[in-house]
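Below is one structure, written out as structure tokens; comments come after it.
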Amino acid sequence: MRILSLRLIGSLILGVTLISVLSSYYEVQVEEHGLRSDLVRRAEVLGESLTGNVERSFEQGAPRDLQRLMERFGNREHLVGIAVYDLLGNRIAITPALTELLDREPPTVVQAIQENHEQGEFARKGANAIYIYALPLHNRQDQIEGGMAIVHDTGYIAVQTRRVWRETFLRVLAEMVIVTLITLLILRWSLSGPIARAAQWMRALRTGRASARHSAIPDWDVFQPLAREVATFAESLKHARSAAETEAQLREAAESVWTAERLAVHVRSKLGNSRLVAVSNREPYSHTRRGKNLEVIVPASGLVTALEPVLKACDGTWIAHGSGDADRETVDQNNRLPVPPDDPRYTLRRIWLSQEEEEGYYYGFANEGLWPLCHIAHTRPLFRASDWSYYQEVNRKFADAALEETKDNEQPVLLVQDYHFALVPRMIKQRRPDARVAIFWHIPWPNPEAFNICPWQRELLDGLLGADLVGFHVQAHCNNFLQTVDRALESQINWEHFTVKRRDHRTLVRPFPISVDFNEFENPGTTTPGADSERAEVLKEHGVEAIFMGVGVDRVDYTKGIPERFLAIERLLEQYPTFQQQFTFVQIAAPSRTHIQRYHDLLDEVEAEANRINQRFQTANWRPIVFLKRQHSHHEIQRYYRSADVCMVTSLHDGMNLVAKEFLAARHDEDGVLILSRFTGAARELRDALLVNPYDIDGTADAIRRALAMDPDERKLRMQRMRKFISEHNIYRWAGSLIAELCEVRTDATGKKPEEAQTSLSAA
Ligand code: ADQ
């Protein structure tokens with residue numbers, strides 16, 4: 001930095017000096033030229049006014065008159081004197097001051113006589129600098145009779161020029177000092193400060209000592225454009241370090257835990273040269289416009305966390321609905337864009353849907369039909385023929401995009417996500433029997449009787465059975481699915497291997513329990529206050545004082561059992577009044593699918609229920625329920641997870657439920673109790689949670705009391721066991737096992753042309 005400053009200052013001084021010297025030189029030249037011209041003009045004027053009288057006296061042969069005349073003019077400024085010569089070079093008259101200077105006729109006078117024309121010459125006579133202006137003298141017949149020399153002292157020009165040089169030099173010196181000082185100040189404020197802060201930040205990252213508070217990008221001032229690049233670089237470094245640490249821990253524990261890096265290696269080895277394409281409704285990055293700026297939004301979604309490392313590892317393509325208001329501005333002419341925006345590693349292909357398509361396919365068939373059909377939560381599914389028609393149309397749109405993205409690749413691998421795309425696997429396999437296609441169903445699969453009410457159950461099942469692999473969270477959903485197929489379609493089911501054979505195509509049905517990225521959850525370490533003070537701080541922000549805190553984090557969905565949870569809290573306060581003014585429950589509630597009347601009403605209902613219970617029990621500085629009705633960032637949610645005594649997941653039915661697992665992953669302090677509905681997929685894995693039936697309000701209230709009164713050792717033991725399980729059964733394991741299983745599948749590349757492979761449903 002010092003060398004940089006010196007060099008910078010040196011260059012500035014040199015540059016400023018050079019420019020100033022050149023401009024001073026020019027100024028001096030101009031000044032000198034002006035003074036000389038002025039002198040020449042004065043000599044000419046004097047010559048003109050003298051000539052007539054001098055010629056007359058000269059002709060009359062009156063040297064005394066001539067002498068007097070010249071002496072009368074001799075006191076002009078800078079004039080040394082005047083001398084008159086005849087044609088023979090004899091001095092006729094001379095002013096006294098000039099006597100010593102001109103001992104004989106100057107050559108300029110000789111030349112003026114010879115050429116009969118005025119002459120001027122700047123000359124030196126000993127130590128004197130002079131200007132001689134010579135002019136010929138004529139008689140009345142206009143014949144030349146002699147010459148006259150008017151001599152000026154030019155010494156003052158040199159004095160003047162030196163003064164200009166001196167002044168310029170002083171000005172340059174002052175300028176240099178000011179410029180140097182300003183440069184030093186700029187260096188200090190604009191460069192040294194940000195660089196020092198950046199260095200400190202990077203050192204903290206390099207040494208792994210960056211706390212959550214210090215991990216944000218500092219203000220890099222003029223280096224701001226670099227900051228983003230360095231931040232991405234630092235992020236990779238952080239991941240590499242945590243991966244290395246995890247690897248080391250694994251080696252130490254002789255265990256095999258999945259990490260993003262391991263998944264990447266695994267995926268590359270399994271895929272070989274195959275191209276990987278993921279299809280989901282939700283996109284991993286959406287763009288929105290905030291004034292003049294484009295903002296990138298990464299949805300808080302387990303699906304994105306799980307699939308992104310897979311796509312990154314093999315430069316695949318992710319096909320999704322472009323739902324951001326500025327999404328169209330950021331794609332190329334093929335509706336593609338490289339992502340992640342900061343460090344592009346794979347391609348996002350956006351599909352555009354009209355409002356009618358979105359209403360019919362997404363809100364209608366998927367969320368008013370299939371969602372309540374698959375969740376036993378006593379909300380009646382709505383099946384409209386128009387929605388079904390949009391569902392087929394949009395499925396076709398996504399399948400076509402997937403086929404287009406894989407048209408130049410042999411044996412592509414396709415991962416289709418969720419209940420929005422039940423028909424896509426068949427649509428792809430009909431045209432590309434060589435493709436490996438998996439569909440993962442993120443929600444439960446109900447029993448055959450429940451599914452049977454769907455007017456298009458056979459079409460949906462047939463669409464799904466186009467896949468080589470159908471994945472669910474838990475074995476029970478696989479079993480329900482196979483039983484449904486058994487009842488509804490002609491097929492052969494192998495209960496030993498969990499496969500379905502239909503028209504020469506075999507589909508594997510397997511459980512892949514989804515999970516979270518265990519290492520993503522911040523460990524605040526010792527730099528932030530412990531759970532007790534963080535809890536008090538969190539509650540204080542909402543104007544509440546309490547000893548115990550519970551937390552719930554949900555989309556406001558009728559399957560999540562939020563009203564049941566609130567009733568259980570009310571029952572707890574009724575039955576165990578000691579918890580009044582002691583226990584507060586924070587419900588983080590993200591409004592969801594509010595286009596649908598049922599969801600819209602539910603949001604009002606849940607809020608009204610929270611208000612009712614609050615009004616019943618609240619005091620000046622305490623209330624039982626803090627209802628936070630908005631989407632929160634993952635970072636914000638973690639604070640609540642960390643400081644809660646109890647997390648409540650009371651879903652009436654849930655495929656897995658990631659909130660339960662997120663709560664466990666966030667508890668680096670190995671404290672806190674999880675209350676978990678037995679109707680979630682997670683309940684099959686997390687046996688150390690307090691399992692409840694959310695319909696049993698008294699039972700759930702009892703579970704809250706039990707959780708709050710639980711012995712710390714028991715809390716710790718349960719939490720440790722569940723955290724160990726989640727750390728081993730993380731999101732990367734989910735993606736790794738799904739891809740491994742899919743890549744083992746023998747495809748139907750039987751040589752049949754696509755048309756031959758197609759079979760109509762009616763033939764089944
Ligand atoms: P969801 O029904 O959405 O997922 P869940 O598994 O609980 O349910 O995941 C919700 C996610 O959204 C969590 O990551 C949670 O942190 C986040 N979230 C919830 N409320 C939020 C809020 N207010 N602000 C911000 N984020 C919030 C479906 C199935 C599940 C299955 C998942 C994954 O219904 O059963 O576990 O897919 O397969």
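Read-outs: derived from the displayed coordinates by stated rules, not from any lab. Fair warning: this is a prediction, and the values are worked out from it, not measured in the lab. Cβ: placed from backbone, ideal geometry, glycine included. Neighbour counts: every protein chain shown.
Classify the stretch 585-709: rounded, prolate or oblate, from the alpha-carbon gyration tensor (a ≥ b ≥ c, eigenvalue square roots; a/c under 1.5 rounded; otherwise prolate if a/b is larger than b/c)?
Details: a/c = 1.34, a/b = 1.20, b/c = 1.12.
Taking the square roots of the gyration eigenvalues as a ≥ b ≥ c, the stretch 585-709 is rounded.
Summarising the label geometry, the points placed 7 Å from Cα in the beta-carbon direction at Arg7 and Leu237 lie 2.2 nm from one another. Of interest is the spacing of the C-alpha centroids, which for the stretch 495-515 and the stretch 592-624 amounts to 43 Å. Placing R0 at 25 angstrom, the Cβ-Cβ distance between Glu229 and Ile297 gives a FRET efficiency of 0.75 after rounding to 0.05.
Would you mind calculating the gained length between Lys724 and Tyr26 on full extension (0.36 nm times residue separation, minus the Cα-Cα distance), in nm to one decimal? Please report the intermediate quantities before stating the final value.
Values: separation 698, 0.36 × 698 = 251.28 nm, distance 8.26 nm.
Contour length minus the Cα-Cα distance gives 243.0 nm.
What percent do you get for the relative contact order of the chain when only Cα pairs under 8 Å and 6+ apart count? Computed value for the chain: 9 percent relative contact order.
Over the stretch 18-104, Cα pairs under 8 Å with separation of 6+ residues give a relative contact order of 16 percent.
Quick one: length gained pulling Leu88 to Glu670 fully straight, 0.36 nm per residue minus the C-alpha distance?
Numbers: separation 582, 0.36 × 582 = 209.52 nm, distance 12.47 nm.
Difference between extended and current length: 197.1 nm.
The mean of 1/r over all distinct Cα pairs in the stretch 446-494, once inverted, gives the Kirkwood hydrodynamic radius of 11.1 Å.
Tell me the relative contact order for the stretch 263-340 as a rounded percent, counting alpha carbon contacts under 8 Å between residues six or more apart. Mind dumping the intermediate values first?
Values: 93 pairs, mean separation 32.0, N = 78.
Rounded, it is 41 percent for the stretch 263-340.
Phi angles of the stretch 591-603 translate, via the Karplus equation with coefficients 6.51, -1.76, 1.60 and θ = phi - 60°, into HN-Hα couplings of x, 9, 6, 5, 4, 8, 3, 4, 6, 4, 5, 4, 4 Hz per residue; Gly and Pro are given as x. Between Lys629 and Val179, the distance separating the two model label sites (each 7 Å from Cα on the Cα→Cβ line) works out to 6.5 nm.
Extending 7 Å from the Cα toward the beta-carbon at both Arg203 and Ala620 defines two label points whose distance is 5.1 nm. For the chain, the share of DSSP beta bridges that are antiparallel, to the nearest 5, is 50%.
Of Lys540/Lys629; Lys540/Lys560; Lys238/Lys724; Lys312/Lys407; Lys501/Lys661; Lys312/Lys429, which ones are farther than 29 Å apart at the Cα?
Working: Lys540/Lys629 18 Å; Lys540/Lys560 27 Å; Lys238/Lys724 23 Å; Lys312/Lys407 21 Å; Lys501/Lys661 35 Å; Lys312/Lys429 25 Å.
From the list (Lys540/Lys629; Lys540/Lys560; Lys238/Lys724; Lys312/Lys407; Lys501/Lys661; Lys312/Lys429), the Cα-Cα distance tops 29 Å for Lys501/Lys661.
In terms of surrounding Cβ atoms within a 10 Å radius of their Cβ, Met648, Met549 rank from fewest to most as Met549, Met648. The length gained on full extension between Ala158 and Ile453, counted as 0.36 nm times the residue separation minus their Cα-Cα distance, comes to 95.0 nm.
Look at where the Cα atoms of the stretch 640-711 and of the stretch 410-463 average out, and the two centres are 32 Å apart. Remark on Arg555: its backbone amide H falls under 5 Å from those of Ala590, a criterion applied only to residues 5 or more positions apart or on other chains, H modelled at 1.01 Å from N. Reported to the nearest whole Å, the Cα centre-to-centre distance from the stretch 536-576 to the stretch 280-328 is 32.
Counting other C-beta atoms within 10 Å, which of Arg705, Arg623 has the fewest, and how do the rest follow?
Working: Arg705 16, Arg623 23.
Neighbour counts put them in this order, fewest first: Arg705, Arg623.
Exposure proxy ranking for Ile596, Ile157, based on other Cβ atoms within 10 angstrom of each Cβ and starting from the fewest, stands as Ile596, Ile157. With everything on Cα atoms, drop me the angle between helix 562-575 and the longest principal axis of the chain, reported from 0 to 90° to the nearest 10. The helix 562-575 is inclined about 70 degrees to the chain. Note on the stretch 38-197: dipole from Cβ charges, positive end direction compared against Tyr133, Thr108, Phe169; the farthest Cα belongs to Phe169. Axis angle, to the nearest 10 degrees, between helix 712-728 and the longest C-alpha principal axis of the chain: 70 degrees.
Working note: 222 nm ellipticity from helices only, DSSP H runs with n ≥ 4, each -39,500 (n - 2.57), summed and divided by the residues of the chain, gives -15000 deg cm²/dmol to the nearest 500. The H on the amide N of Ala422, modeled in the peptide plane, is under 5 Å from the matching H of no residue at least 5 residues off or on a different chain. For Gly81, the residues whose modelled amide H falls within less than 5 Å of its own, excluding neighbours fewer than 5 places apart on the same chain, are Val151.
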